[in-house]
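One structure below.
The values are calculated or read from the model by the stated rules, or taken from the named source; none is laboratory data. Note that this is a predicted model, so its numbers are computed, not measured. Quick reminder, even Gly has a Cβ in these numbers, built from the backbone with ideal geometry, and neighbours come from all protein chains shown.
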Amino acid sequence: MTSRSDSARRRSTRWVIAAVCVLALLLGAVAVRQFVVRPFTVPSESMAPLLRSGDVILADRSTRGTARRGDVVVFDGSGYFGSAEDGSRYWVKRVIAVGGDSIRCCDDDGNLILNDEPLAEPYLAPGTEPSRIRFDLRVPEGSLFLLGDNRADSTDSRFLLGAPGGGMVPEGRVVGQLAGVIWPLPRAGSR
C-alpha cells in the first residue's frame, strides 16, 4: 500500500522530468537556430527563378561570416542595404565578387566582366540582361558585391554604389549560405 506522500512524490517527480524535457527541447531549438540553421522568409522576387516571394528558406549558420563567388547568402544589410525600421534588415542575394576582385558591366556581348573574364551566369533566367547599370569597380578586401538573379527587379550592389559602403557589404555580415527552401512543400529542398 502506497502512502499519499509517496504518490505525491511520484507526481512531483514526473512534473520535474516533464519540465526538464521541455526545457531541453527549447534549449535545443534555440541552439539549432543559433548555430546550425536559421529560417528566413523571402520578401521579394529579386532572386527569381531560384527563390520566390514568400518562400521560407534555411540559412546554414556554419557558413556565417564567409562567402565565395556564386554562393547565395542571407546577410544583415542594415546600414548598407536597408534598415530595421523599414523591415529589410536581412537580405538574400548572390555573391558575384569578393574582396580584391574587379567587376564591371559589361562587355560587347552584355556579360559582366569579373577579373577581366566574362562571367558565366547559368542561374539567370533566359533573356535576362546581366545589368542595365554600368559600373567598373574593385571590391574592397573583406567586402562582397551582391546581385539578385532577377536583375530587372532587384535592389542590390549596383543600385547602392553611392550609398554607405559603396554598395558593398562586409563579409562578416553574412548570416549563412542558402541551405534550401523548406516552404511551400512543393518547392521544399530546392536550392
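Worth pointing out:
Here's the yes/no breakdown for (1) surrounded by 15 or more Cβ atoms within 10 Å (Cβ to Cβ); (2) within 23 Å of residue 63 (Cα to Cα); (3) out of contact with any helix residue (DSSP H, G or I) (no Cβ under 9 Å at 6 or more places or on another chain):
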{"residue": "151", "(1), (2), (3)": "yes, no, no"}
{"residue": "170", "(1), (2), (3)": "yes, yes, yes"}
{"residue": "173", "(1), (2), (3)": "yes, yes, yes"}
{"residue": "177", "(1), (2), (3)": "yes, yes, no"}
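- Selection over region 115-143 of residues that are buried (at least 20 other Cβ atoms within 10 Å of the Cβ) and part of a strand (DSSP E or B) gives a count of 1.
- No other residue among 57, 103, 113 is within 19 Å of residue 163 (Cα to Cα), aliphatic (A, V, I, L, M) and either assigned by TED's automatic domain parsing to the domain that holds residue 167 or in contact with an Asp or Glu (Cβ under 8 Å, 6 or more places away or on another chain) (or both) apart from 103.
- Here 178, 146 are screened, and the one residue that is in a strand (DSSP E or B), in contact with a Lys or Arg (Cβ under 7 Å, 6 or more places away or on another chain), more than 23 Å from residue 107 (Cβ to Cβ) and modelled with pLDDT of 95 or more is 178.
- Enumeration of residues in region 153-175 that are farther than 20 Å from residue 99 by Cβ and in contact with a Lys or Arg (Cβ under 8 Å, 6 or more places away or on another chain): 154
- Among the residues listed as 100, 65, the single one being at pLDDT 95 or above, over 24 Å from residue 44 (Cβ atoms) and exposed (fewer than 15 other Cβ atoms within 10 Å of the Cβ): 100
- If you check 104, 132, 89, 158 for being under 18 Å from residue 53 (Cβ atoms) and of a type in the set (D, E, K, R), only one passes: 89.
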